[in-house]
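So the structure is just underneath, and the comments pick up after that.
The values are calculated or read from the model by the stated rules, or taken from the named source; none is laboratory data. This structure is a prediction, so every number in the text was calculated from the model and none was measured. Here the Cβ positions follow ideal geometry from the backbone for every residue, glycine too, while neighbour counts run over all protein chains shown. To get the accessible areas, we keep the full protein, side chains included, count just its heavy atoms, and leave off ligands, DNA and RNA. Shrake-Rupley method; radii C 1.70, N 1.55, O 1.52, S 1.80 Å.
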Amino acid sequence: MSEEQAIRAVVHLYVDGMAFANEPALRKALHPRADIIGNYQGAVEWMTRDEFISAIVEEGSAPPGTIPLMEIELIDIEGDAASVKVVDEFAGMRFSDYLSLVKIDGRWSIVNKVYHLHR
């Protein structure tokens with residue numbers, strides 16, 4: 001598997017984890033010290049991985065058979081660091097997520113997410 005394919009697999013795990021409130025998938029995709037940051041409902045939202053996962057699980061899963069939106073618009077890889085821009089939807093809202101990934105112990109992990117909520 002190429003580095004790009006491995007990164008795409010992590011992004012897919014992350015998007016599916018959000019869409020289906022899959023806590024184990026989100027824990028696998030996001031580094032334990034990951035931060036999730038963006039403007040939400042007029043205020044800056046700054047969450048830890050665990051706070052983010054709790055919010056996702058609380059919102060609940062998309063209906064079975066749903067095909068989650070996942071439009072990867074950019075992947076930039078330099079050695080063991082990568083940036084990904086992905087457009088996705090959660091709870092009826094569309095986001096542009098800017099994901100920073102680092103390869104740690106041979107595995108890509110999302111270490112930071114900055115998002116934009118589309119109006």
Those residues of the stretch 78-89 which are farther than 15 Å from V114 by Cα and hydrophobic (A, V, I, L, M, F, W, C) amount to A81
Scanning the stretch 32-49 for residues that are at pLDDT 95 or above, surrounded by fewer than 17 Cβ atoms within 10 Å (Cβ to Cβ) and not charged (D, E, K, R) gives P32, I37, V44, W46, T48
Flagged pairs (Cβ under 6 angstrom, 6 or more apart or on separate chains; first in the stretch 33-62, within 20 Å of V102 (Cα to Cα); second open to solvent by less than 70 Å² (accessible area, probe 1.4 Å) and among the basic types (K, R)) are A34/R49; I36/K113
Counting only residues that are surrounded by fewer than 16 Cβ atoms within 10 Å (Cβ to Cβ) and closer than 24 Å to Q41 by Cα, the stretch 88-116 contains a total of 6
Filtering the stretch 30-52 down to residues that are in contact with a His (Cβ under 9 Å, 6 or more places away or on another chain) and part of a helix (DSSP H, G or I) yields R49
Check your understanding: Being open to solvent by 70 Å² or more (accessible area, probe 1.4 Å), farther than 19 Å from N22 by Cα, among the hydrophobic types (A, V, I, L, M, F, W, C) and in a strand (DSSP E or B), is that true of even one residue in the stretch 74-81?
Key -> yes
Restricting attention to the stretch 1-21, the residues that are in contact (Cβ under 8 Å) with a residue 24 or more places away in the chain and assigned to a loop (DSSP other than H, G, I, E, B) number exactly 2
In the stretch 18-31, residues that are out of contact with any Ser or Thr (no Cβ under 6 Å at 6 or more places or on another chain) and open to solvent by 20 Å² or more (accessible area, probe 1.4 Å) total 5
Within the stretch 82-114, residues being in a strand (DSSP E or B), of a type in the set (G, A, S) and closer than 23 Å to M1 by Cα number 4
- Taking the condition open to solvent by 10 Å² or more (accessible area, probe 1.4 Å), under 17 Å from N112 (Cα atoms) and among the β-branched types (V, I, T), does V15 pass? no
Within the stretch 50-68, the residues that are under 12 Å from the mean Cα position of the chain (by Cα) and either over 16 Å from R94 (Cα atoms) or at pLDDT below 95 (or both) are F52, I53
